[in-house]
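> Handing you this structure, nothing more for now.
Only the coordinates and a few stated rules stand behind these numbers; no lab work does. Keep in mind the model is a prediction, meaning the values are calculated, not measured. Reconstructed Cβ throughout: ideal geometry from the backbone, glycine too, with neighbour counts over all protein chains shown.
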Amino acid sequence: FTDADVYRTARVLALYAPGLFFIGVQQMMTRIFYAEGDYKTPVRITAWMVLANATLNIAFIYMPDLYLRWGWGVNESLKEGGLALSTSLVSAVTVGIMWHIISARLTEKCGRTLFDEMFGALPTSLVRIGAAALVGAGVIGYFAAQSIPAEPELFVRIERGVAACVVG
């Protein structure tokens with residue numbers, strides 16, 4: 001595993017990371033459709049999005065190479081990073097489409113938007129999540145400090161790894 005492989009893997013993970021949120025939201029929204037007894041709409045949306053994802057996969061993997069051949073100045077293709085980028089973008093678009101449909105149905109049924117239903121208690125939830133994260137980080141930090149020998153170079157590596165995960 002060379003430095004170039006590490007760079008390529010990091011790029012793929014960085015391009016997949018934003019899509020993970022949308023993939024989770026997409027799963028939740030699919031269950032909302034199922035709870036309403038609507039099984040066709042999420043399947044139709046997903047079928048179209050699979051076609052869009054395949055198209056974007058091909059475009060993101062090969063198009064910069066074509067730009068280079070035509071003299072448009074793009075230096076390198078995204079290669080496997082293109083797969084990650086297209087998956088993240090398509091997941092975001094899928095969530096947007098599902099959000100629009102569910103919000104319209106909810107507004108029609110009870111006069112409230114999906115945003116009001118989902119984020120009405122957001123400040124309270126953020127405080128609870130923040131408190132849980134601080135407690136978890138404290139526990140992990142305590143046990144990590146107890147089990148890791150005091151080598152300054154090791155701590156620098158850990159800090160760089162954590163920083164790469166947070167930034168990436």
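> Suppose each label sits 7 Å from its Cα in the direction of the beta carbon; what would the Val139-Leu51 distance come out to in nanometres?
4.8
> Show me the ranking of peptides 12-18, 42-48, 104-110 by mean Cβ neighbours inside 10 Å, starting with the highest.
Result, highest mean Cβ count within 10 Å first: 12-18, 42-48, 104-110.
> A further question on this structure: What distance in nm lies between label points placed 7 Å from Cα along the C-beta direction at Ala131 and Gln27?
Computed distance between label sites Ala131 and Gln27 equals 2.7 nm.
> Tell me which residues come under 5 Å, amide H to amide H, from Glu36 once H is placed; ignore anything under 5 positions away on its chain.
none
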